[in-house]
Structures are given as C-alpha cells and as structure tokens.
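Values quoted throughout were computed directly from the atomic coordinates according to the rules given, and no laboratory measurement underlies them. Remember, it's a predicted structure, so these values are computed and weren't measured experimentally. All Cβ positions, glycine included, derive from the backbone under ideal geometry; neighbour counts span all protein chains shown.
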Amino acid sequence: MANKSFPIPDNELERIIALSNIDLDFTNLEENFKDLTLLATKVTGTEISLINIIDSFTQWTIANQGIELEQMPREESVCQYTIMSDTSFEVQDLTLDERFSTKFYVKGPEGLRYYFGMPLKLSPGLNVGALCVLDKEVKALSAEKIELLEIIAQTVVKRLKSIQALELLRAKLNESNASKKKAAHDIRGPLGGIIGLSDLIAEQGATFDVSEFMEYINMINKSGRSLLDLADEILSEEKAQTLAENEFNLPLFKDKLLKLYQPQAKFKNVDLEISLNAGHESVPFSKNKLLQIAGNLISNAIKFTAAGGKVSVHLGLSLSTTEKLLTITVTDTGVGLDTAVIQQVLAGKAQTTIGTGGERGYGFGLSLVSHLVESLNGLISVNSAPGKGTAFEVVLPQSL
C-alpha cells in the first residue's frame, strides 16, 4: 500500500484551511443534509448516496442514504479523486478499476460497482468533499440527471456556508453576552459605593430627624440595592445557562473526540484514552477550531502508532482572575520524530510520510494544526525522539 500513489490537490493546504474555517462538527450534521441524499438517489435511480467531507486524514460521511457509513481513511475512498478537479468523476465499473477493485466496499458484501461523484466547491478550486451516488449495478447517468446532481451539490455547499454563518452569529451573540457581563462587573463597584454612602447618611440623618431627607435616602438605598441585585443576577446567569451551540465543556469535548476517533483507533488496534483534569468540568469554552486541532493531532498519533500501541489525550482547563487556558495534550507510543521533523512541524511545514500501517500521510494535517493554533494566539510544543513516541501540547487562551 505504501508504494501506491494517491491524489493530492496542488492547493491542499489552502483547501484544508478553507475547510477548517467552516469548523464542522461531523457528528451533528445528518439532519441538515439527509433530504439531499434521498433526493440524489431519487434523481439518479441509484441505491446509495453519500455526502462526504475530506480532511487531512479522513473521509467523513455527514449524511447517507442506502448504506450506513460514518468515516473511512482518506486513501481508501473514491471521492479523493473527485476533489481533484471542479468537474465530476465517474467510474462505471469499480471491479474493473485497479484503484478500487480490492476495496472493502467493492469486494465485500456491499459489492458496489458504479460510482458518480460531484465535487463540493466552496469556490473554484477549493473542493472540500463530494456528493456521490453508488450502485451495485453498472449504470450510466444522462446529461439531465448529471445537471440535477450538480444542483444538489450546489445546495449542499450553500447549506455548509449557512451553517458557518450561523456559527459566526452565535459567536457574536456570545461576545455580546460577554460585554453584558463586563458591564455588570463595571457597575457593581459604583453601586456598592452609593449604597455604602447612603447607609452612612441614613444612619447619621436619623439622629437629626430629617424625615424628608431620610425618605429620599431610603429610596436611593432601595433603588441601589435593586440594581446591585440585578447585576448579581446577570453575573450568575453563566452558572444557570446550558452550553451554547458554539461552546464545549471538558466532558462534551471528550465525548465528541471519542465518537469521532475511537473507530480509527479500533480499526488499527490502537488503544485511545482520553482523560480530563478535575475541577472545571462544567466551565464552558469556545469550540472554535478545537475539533480540527485535536482531531488532526489524534489522527496523526494513530497513524504513527503500531497495532497494540496507545494514544493518550489529556484535556485541561486552568482558570485565574486574568486568564482561562485550555490545554490539549496528545501522547503516543509510536515511531517518534527527530529534531528536524519537529522543527518542520512547528514551522507549519510538515512533510508527507507513511504511517506504521502503510497509511498515506498527506503532510498537511500538522501544518494545519500549526496554522490554526497560531490564528487563535495559542502555543504548540512537541516532545519526541525516534523510537520513543511523541507528545504534542497545545495551549489555547479562552475568553473569560
């Protein structure tokens, strides 16, 4: 397998950066696209339709019709060829094409023979995945059906962009809520001073029997206390709120990573363990780019860890009065990296390599991680040596 060549777009880093900007949660998209996969099968008369997103290591099936499929290694897919150009890609008989004839979905119980894929184009040349239809019988699609399939693919892209826009709106709403909390903090001090002063005047005024003056002071005192209670209520909302759509806490982040990457680890017989630091499990933080960063590190660790090895992930959150820091540590028992490779990773220039199981290394996953960490004002460090495994640590500042 290591000797085979695999297609890689010339603009691969640009492509996966564009994909990371959408910041998809691959476990939570089925309902957004299920109708389109059903429509694709009805239009083309095929048994199966898939909407696949392809990142650095994995093809993620975000919606399916006619077959249960969630993910597969990128190098095993047919859609990796579809994203190579802005035109469609067709294989009339997969059993006769040496690139696919030995794949599990061709020679296995699925027995697939026909494939037609349409690239999902964020913009010309930036293909993040494919809408494809498949069948157990050899077929040929008419020009009219191909045109309808292209319209469906365009609709998929429009929905992807709508999801991205919605996430941006949610982020702005969170910023607004943060401003509200800050305002509450800002007014709390002056209000406390007013109440303290009015208490003092109220005490002294009582001795002078100035009833009218006391009445006004009491009103000020009452109003001030009401505003102070309001400020406390605003500040306490964070404790009562459920997580926003664009937020994680540590347990939810752990569950997402296990659901996404446990199948990859089991497929290779690698033990994947994810642990949390204690004490801040319920504290929310932005999920912006986190699945992209942690996911690429985990996929990379699995790739370079032999069967029977272990990949350990630790998620931590540290809080102080001035900062909130999220730490992601990914440690493996794999082949390790030498000093030159570590410097390439930190410079965002990781090279294509072959994994311990012959997996194709596309050389862009770690470059993407470096780019994303830098864009979030975070830090990444690597501790490794040949034959002694690798530990990646990412530290990302979060809004208080």
query = Can you list the HN-Hα couplings for region 300-311, worked out from phi with the Karplus curve (6.51, -1.76, 1.60; θ = phi - 60°), rounded to whole Hz and with x for Gly and Pro?
reply = 5, 5, 4, 4, 9, 10, 6, 3, x, x, 9, 10
Pairwise FRET efficiency - residue 282 versus residue 262, Cβ, R0 = 22 Å, nearest 0.05 = 0.40
request  = For region 47-61, take each phi angle, set θ = phi - 60°, evaluate the Karplus expression 6.51 cos²θ - 1.76 cosθ + 1.60, and give the result in whole Hz per residue in order, putting x for glycine and proline.
outcome  = 7, 10, 9, 9, 10, 10, 10, 10, 9, 5, 10, 10, 9, 9, 8
query = region 117-159: which GluC sites (Glu not before Pro) are DSSP loop and have at most 15 other beta-carbon atoms within 10 angstrom?
reply = 137
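Contour minus end-to-end for residue 6 and residue 34, with contour as 0.36 nm per residue of separation and end-to-end as the Cα-Cα distance?
7.1 nm
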query = residue 400 to residue 158: FRET efficiency via 1/(1 + (r/R0)^6), r the Cβ-Cβ distance, R0 45 Å, to the nearest 0.05?
reply = 0.80
ask   = Label points 7 Å out from Cα along the Cβ direction at residue 140 and residue 84: separation in nm?
value = 2.3 nm
request  = Within region 245-351, report the trypsin sites (Lys or Arg not before Pro) that DSSP leaves as loop and that have at most 15 other Cβ atoms within 10 Å.
outcome  = 349
note = For residue 104 and residue 168, extending 7 Å from Cα along the Cα-Cβ vector and measuring point to point gives, in nm, a value of 3.9 nm
